[in-house]
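**Student:** This is the structure I want to talk about, given as C-alpha cells.
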Amino acid sequence: MSSTISDPASDGVVRAADGTPLKQRLNRALRREKLRSFLLILPLLAFIVLSFIMPIADMLFRSVENQIVEETIPLTVVALKEWDPASGEAPGEEVFAAFHADFVQAFKDKKHTRLGLRLNYDEPGMSGLFRKTGRPSTKMQPPYKEAFIKVDEDWGTVETWAVIKQASPAYTDGYFLNAVDAHRTAKGIEMVPENERIYLFLFGRTMFLSIVITMSCLLLGYPIAFLLASLPLRSSNMLMILVLLPFWTSLLVRTSAWKVLLQQQGVVNDFLVWIGLVNDADRLIMINNQFGTIVAMTHILLPFMILPLFSVMKTISPNYVRAAKSLGANDWTAFWKVYFPQSIPGIGAGAILVFILSIGYYITPELVGGTSGIFISNRIAYHISTSLNWGLAAALGTILLALVMLLFYVYDKIVGIDNVKLG
Amino acid sequence: MSENRGAAVRYDSVQKSYDGETLVVKNLNLDIARGEFLTMLGPSGSGKTTCLMMLAGFEPATHGEIYLNDNPINNVPPHKRGIGMVFQNYALFPHMSVAENLAFPLQVRGMDKSEQESRIKRALDMVELGAFGSRRPAQLSGGQQQRVAVARALVFDPELVLMDEPLGALDKQLREQMQYEIKHIHDNLGVTIVYVTHDQTEALTMSDRVAVFNDGVIQQLSPPDMLYESPQNSFVAQFIGENNKLNGNVTEIGGGECMVEVAGGIKLRADPVNIAGIGSKTTLSLRPERVELQPEKPMDNMVDGKIEELIYLGDHIRVRMSVAGNSEFVVKVRNRGERRKIAAGDIVPIGWAAGDCKALDAVG
C-alpha cells in the first residue's frame with residue numbers, strides 16, 4: 001500500500017493520505033465552513049445590494065445617461081446626423097418631416113413635455129417651445145418646416161437644432177459640466193457667465209464649513225474626552241451618558257432648539273440685550289447664516305469626535321505622563337510631547353468621521369443655514385425633489401463622492417489610515 | 001525614629017488616605033541612607049506603592065512630610081524633584097525611538113546636543129543595548145524594554161531612583177538575570193534606589209535593607225538575612241520564606257529563653273522575641289530546614305511527629321508531619337545520598353535548637 005502521506009520529493013506536491021493534493025483537500029474541508037458563513041451574511045448582503053449598492057449605481061449611471069432624446073425622437077436623431085450646425089442654416093425639410101413624425105407620436109404618448117424639460121437644462125426656453133408646439137403639431141401639413149416655424153419662430157433657428165443635436169447621444173457629459181458651472185456651446189466647453197455660477201462655489205463652501213466644523217468639534221471635544229478618560233469609571237460613565245444624550249433626542253428637535261436659542265428674538269439675544277452687551281435695535285443675526293450652521297452642526301456632530309477620542313485616550317496609561325514628569329517634564333511638556341502624540345489616532349478617527357458626516361449633511365443646513373449656510377447636499381436635494389433634474393443631482397453626488405474618496409486617499413497618505421483607531 | 005540628618009530620603013509621620021475613612025499608610029517614619037538599596041516589600045494593598053508614589057510626587061501625603069536631602073518636598077511638583085523612576089510595564093514612550101526616549105529627560109533640561117548624545121550612548125552601553133538606539137520600544141523584547149527603562153531613569157544622573165515592580169512582567173529566568181544587573185548598576189553608580197515589590201526573593205537578592213509592609217505599617221525594617229533569621233513578628237515570619245507555626249502559652253521566662261506549652265501538653269524552649277509575659281498566648285515560628293529528623297544527639301526540643309507525606313524534590317526531601325496538633329508541619333531533609341528508612345505513617349522523633357524557635361505574637 002502506498003496510501004501513506006506522500007513524499008513531496010516525487011512531484012513537489014504534498015498529498016493527503018488518499019493521494020489528492022493536500023491543498024485541494026484542505027479547500028474542500030474549508031468549503032463547507034465558508035459556505036455556512038456566507039449563508040449567514042446572505043440576508044444582509046442582499047439587503048445592502050438592493051438598498052445601497054444598486055441605488056448608488058443607478059444614481060451614478062443617471063449622471064451620464066441621456067437616452068430620452070434618442071427614445072423620444074429616434075427618426076430626428078438619425079436625420080440630424082447629416083446636418084452641421086456650423087453651416088449657419090437651420091436643417092432642411094427632411095429633418096422637419098422626421099421630427100414631425102416623432103413629435104406627433106411623442107405627443108400621443110404625452111412624452112413631448114418631458115423631452116422639452118430635459119432640453120431645457122441645456123437651453124432655457126426649450127420646455128415652453130415644446131409645450132406650445134404640442135397640440136398644433138397634430139394639424140400640421142407639409143412642408144413641415146414652414147408649419148413648425150409658423151407655430152414658433154425658434155424652430156427656424158440654428159441654436160434650437162444645435163441643442164437637439166447635441167443632446168442626441170445616449171450618454172452625455174452635460175450634467176457633469178453643469179455641475180462644475182460649465183456648459184457646451186457651439187464653440188466648445190465654456191464656463192457659464194459669472195453671475196450664474198453656483199456649484200463650484202457651493203463645493204468650496206461645503207469644504208470650508210466642514211473643515212471649520214471639524215476643527216471646532218476637535219477643540220471642544222478634546223478636553224471633554226480627556227476629562228472622561230482620566231476620571232474614575234463611575235463619574236466618567238455618568239458624563240458619558242451626557243455625551244450620548246443628544247443621540248436619544250431627535251435631530252429635528254436639536255436643530256429646532258438652536259433656532260429658538262439663536263434667533264433674533266431668541267434666548268441668546270434676549271440675554272445679551274438684558275446684560276446690555278447688545279443694543280435692542282441691532283440684535284445679532286446668528287441663525288439662517290453660516291454661523292448658525294456651524295454652531296448647530298458642531299453641536300450635533302460633537303459626539304462623533306468625542307467617542308473615538310475617548311476610546312483612544314482610555315488606552316493611554318497614566319504612567320506615560322507620570323514617567324514624563326518624573327523625567328523632568330512640566331505639565332505642558334508632558335502633555336504635548338507624550339500624551340498628545342499618542343492621542344493622534346483618536347484625533348484622526350474623530351476628524352475624518354466628523355468631516356465626512358458634515359460634508360454630506362443636509363437637514364441642519366436646510367433648517368438653520370438660510371442662503372449663506374447651505375451645503376452642496378441641499379442643492380442636490382433641490383434637484384432631486386424640486387427641479388427634478390436627477391441627472392444633475394446625480395452628477396453633483398458623484399463629484400461629492402469622488403471628492404470624499406480623494407480626501408480619504410490624501411488623508412491616508414498623510415496620516416495613514418492604519419493610524420486611525422475607533423476603539 | 002531618630003532625627004537622622006543627612007538621610008537621602010526621610011518620611012516623617014506620613015499618613016495617606018484616599019477616601020477620608022481609612023488610612024492606606026499609617027504614620028510612616030523611615031530614613032533611607034544615601035547610596036542605599038531599600039526595598040519596600042509587602043502583599044498587594046499594603047501601602048508600599050502608595051509610599052513610592054508619594055515620594056515621586058504623584059500622590060500628595062495626607063499628613064506628615066517627606067524630605068529629600070533634608071528639604072521638604074511636599075509642595076515640590078514631580079518634575080522638579082529630579083527623581084528617576086522605572087515603572088511597572090516600563091512606560092516607554094511608544095511613539096519615540098529608544099534614543100529619543102533617553103533624550104527626553106535631557107531635552108527638557110535643555111542640555112546641548114553633543115552632551116545628550118554622549119550620555120545616551122553611555123547609558124545604552126551600560127545596559128548593553130548600544131546598537132538599539134533607533135528601534136521603537138515595541139520592537140524590543142520585554143527584557144530589552146526593561147533595560148531601556150532603567151537606562152532612561154538613570155540617564156540624567158538622578159541621585160535617587162524609584163522602581164515600581166519593574167520586573168513583574170518578565171519571565172522567571174529573565175527576572176533573575178535582571179535582578180543581578182540592577183544590583184550591579186546600583187553598586188557601580190552608587191545611586192540610592194527605592195524598590196517596590198511583592199516578590200520576597202527579589203527583595204532578599206537585591207536589597208541592603210528591606211521594609212516589610214502590611215496594612216499600611218512597616219512590620220520590620222532589616223537587612224535581608226536578619227529578616228529571615230530573626231523575624232520580629234508572625235507576619236514577617238510567615239511572609240518571608242517557609243515557616244512552621246505552633247500556637248501555645250508562655251509558662252516560664254528566664255535566662256534568655258522562655259518555655260511554651262503547646263497542644264498536647266508539650267513544653268518547648270524558645271527564643272522570646274515578641275511576647276507579652278508569662279501566661280500570654282504566643283505563636284512559635286520555626287524554619288523547616290532547622291528541624292532535624294531523627295537527630296543523632298539530643299537537642300533542646302525533642303518531640304515525636306507522624307509522617308503524613310513525603311515529597312522528593314531532588315536536593316531535599318520535604319516531609320509533611322503532624323506535630324503537636326499541626327498537620328502542616330514541614331521538615332526539609334537535605335539529600336545526603338544516604339537512604340533513610342522512613343515512610344508515610346511512621347512516628348519518628350524530631351528536634352530543634354531553642355534559638356531557632358522564635359516566640360512571636362500570637363496569630364490565628
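Read-outs: derived from the displayed coordinates by stated rules, not from any lab. Just so you know, these numbers come straight off a predicted model, no measurement behind them. Please note: Cβ atoms are built from the backbone with ideal geometry, for glycine as well, and neighbour counts cover all protein chains shown.
**Student:** How about segment B:1-80: which chymotrypsin sites (Phe, Trp or Tyr not before Pro) there are in a DSSP loop, with at most 13 other Cβ atoms within 10 Å of their Cβ? Don't skip to the answer; put the middle values down first.
**Tutor:** Details: sites: B:TYR11, B:TYR18, B:PHE37, B:PHE58, B:TYR67; in loops: B:TYR18, B:PHE58.
Filter output for segment B:1-80: B:TYR18.
**Student:** Round to a whole angstrom and tell me the spacing of the C-alpha centers of segment B:228-272 and segment A:56-98.
**Tutor:** Each part reduced to its Cα centre gives a spacing of 112 Å.
**Student:** Moving to a separate point now. Dipole magnitude of segment B:145-197 about its Cα centre, charges +1 at Lys/Arg Cβ and -1 at Asp/Glu Cβ only, in debye to the nearest 20? It would help to have the intermediate numbers written out before the result.
**Tutor:** Details: 5 positive and 8 negative charges, 29 e Å.
With Lys and Arg at +1 and Asp and Glu at -1, about 140 debye.
**Student:** A further question on this structure: Order these by the 10 Å Cβ neighbour count, fewest first: B:THR50, A:THR113, B:THR251.
**Tutor:** B:THR251, A:THR113, B:THR50
**Student:** Here's something else I'd like to know. How would you rank A:ILE41, A:ILE213, A:ILE164, going from fewest to most other Cβ atoms within 10 Å of each one's own Cβ?
**Tutor:** Fewest to most other Cβ atoms nearby, the residues stand as A:ILE41, A:ILE164, A:ILE213.
**Student:** Using amide H atoms built in the peptide plane, which far-off residues or other-chain residues are under 5 Å from B:VAL24 H to H?
**Tutor:** Here the answer is B:LYS16, B:SER17, B:TYR18, since their amide H atoms fall under 5 Å of that of B:VAL24.
**Student:** Can you list the HN-Hα couplings for segment A:93-110, worked out from phi with the Karplus curve (6.51, -1.76, 1.60; θ = phi - 60°), rounded to whole Hz and with x for Gly and Pro?
**Tutor:** Each residue's phi maps through the Karplus curve to give 4, 4, 5, 5, 4, 4, 5, 4, 4, 4, 5, 4, 4, 5, 5, 4, 7, 6 Hz.
**Student:** First check a/c for segment A:67-172, with a ≥ b ≥ c the square roots of the eigenvalues of its C-alpha gyration tensor; if it is under 1.5, answer rounded, and if not, answer prolate when a/b is larger than b/c or oblate otherwise.
**Tutor:** It is rounded, given that a/c, with a ≥ b ≥ c, falls under 1.5.
**Student:** Whole-Hz ³J(HN,Hα) for each residue in segment B:281-292, computed from phi via Karplus 6.51 cos²θ - 1.76 cosθ + 1.60 with θ = phi - 60°, x for glycine and proline: what do you get?
**Tutor:** Taking θ as phi minus 60°, the curve returns 7, 8, 10, 7, 10, 9, 6, x, 7, 8, 9, 9 Hz for segment B:281-292.
**Student:** In addition: Could you run the Debye sum over the Cα atoms of segment B:122-163, one equal point scatterer each and no solvent, and tell me log10 of I(q)/I(0) at q = 0.30, 0.31 Å⁻¹, two decimals?
**Tutor:** One equal scatterer on each Cα of segment B:122-163 leads to -1.11, -1.16.
**Student:** Longer than 18 Å from Cα to Cα, which of B:LYS26/B:LYS245; B:LYS306/B:LYS332; B:LYS245/B:LYS267 are they? Say none if no pair is.
**Tutor:** On the way: B:LYS26/B:LYS245 28 Å; B:LYS306/B:LYS332 15 Å; B:LYS245/B:LYS267 15 Å.
Over 18 Å apart, Cα to Cα: B:LYS26/B:LYS245.
**Student:** Rounded to whole Å and ordered largest first, report the semi-axes of the equivalent ellipsoid of chain A derived from its Cα gyration tensor (root of 5λ).
**Tutor:** Semi-axes (√(5λ), whole Å): 55, 41, 19.
**Student:** Run down the lysines and flag those whose C-alpha is under 24 Å from the C-alpha of A:LYS150, throwing out any fewer than 8 positions away in its chain.
**Tutor:** Hits, sequence-local ones excluded: A:LYS108, A:LYS110, A:LYS111, A:LYS132, A:LYS139, A:LYS165.
**Student:** Tell me whether segment B:192-235 comes out rounded, prolate or oblate; compute the Cα gyration tensor, take square roots of the eigenvalues as a ≥ b ≥ c, and use a/c under 1.5 as the rounded threshold.
**Tutor:** Oblate is the answer for segment B:192-235, as a/c is 1.5 or above yet b/c matches or exceeds a/b.
**Student:** What is the order of A:ILE316, A:ILE300, A:ILE189, fewest Cβ neighbours within 10 Å to most?
**Tutor:** The order, fewest Cβ neighbours first, is A:ILE189, A:ILE316, A:ILE300.
**Student:** Where in segment B:279-364 are there trypsin sites (Lys or Arg not before Pro) that are in a DSSP coil and have at most 15 other Cβ atoms within 10 angstrom of their Cβ?
**Tutor:** Of the trypsin sites (Lys or Arg not before Pro), the ones in loops of segment B:279-364 whose Cβ has at most 15 other Cβ atoms within 10 Å are B:ARG336, B:ARG339, B:ARG340, B:LYS341.
**Student:** Follow-up. Enumerate the lysines that A:LYS34 could reach by cross-link, defined here as Cα to Cα under 19 Å, with residues fewer than 8 away along the same chain left out.
**Tutor:** A:LYS23
**Student:** Tilt of helix B:113-126 relative to the longest C-alpha principal axis of chain B, in degrees (0 to 90, nearest 10)?
**Tutor:** Orientation of helix B:113-126: about 20 degrees from the principal axis.
**Student:** Additional query: Only loop residues by DSSP count here, and only those with at most 15 other Cβ atoms within 10 Å; note down the trypsin sites (Lys or Arg not before Pro) in segment A:263-335 that meet that.
**Tutor:** Values: sites: A:ARG283, A:LYS314, A:ARG322, A:LYS325; in loops: A:ARG283, A:LYS314.
Of the trypsin sites (Lys or Arg not before Pro), the ones in loops of segment A:263-335 whose Cβ has at most 15 other Cβ atoms within 10 Å are A:LYS314.
**Student:** Still on this structure: So which lysines pass the test for A:LYS337, namely a Cα distance under 26 Å, with those fewer than 8 places away in the same chain ruled out?
**Tutor:** Within the straight-line limit of under 26 Å, A:LYS337 reaches these lysines: A:LYS314, A:LYS325, A:LYS413, A:LYS421, B:LYS80, B:LYS113, B:LYS121.
**Student:** Moving on to the next point. Any idea which of B:CYS258, B:PRO224, B:GLY64 is furthest toward the positive side of the dipole for chain B, if Lys and Arg beta-carbons carry +1 and Asp and Glu beta-carbons -1?
**Tutor:** So the residue we want is B:PRO224.
**Student:** If you average the alpha carbon positions of segment A:180-201 and of segment A:127-147, how far apart do those two centres end up, in angstrom?
**Tutor:** If we compute the Cα centre of each part, the gap is 31 Å.
**Student:** Classify the protein assembly as shown from the C-alpha gyration tensor, please: rounded if a/c falls under 1.5, else prolate or oblate depending on whether a/b exceeds b/c.
**Tutor:** Prolate is the answer for the protein assembly as shown, as a/c is 1.5 or above and a/b outweighs b/c.
**Student:** When DSSP assigns beta bridges and you keep just the ones with both residues in the protein assembly as shown, what percent turn out antiparallel, to the nearest 5?
**Tutor:** 75 percent
**Student:** Then there is this: How well do other chains shield peptide B:105-112, expressed as the mean number of their Cβ atoms within 10 Å of each residue Cβ?
**Tutor:** Going residue by residue through B:105-112 and averaging, the value is 3.
**Student:** How many angstrom separate the Cα center of segment B:95-171 from the Cα center of segment A:259-310?
**Tutor:** If we compute the Cα centre of each part, the gap is 51 Å.
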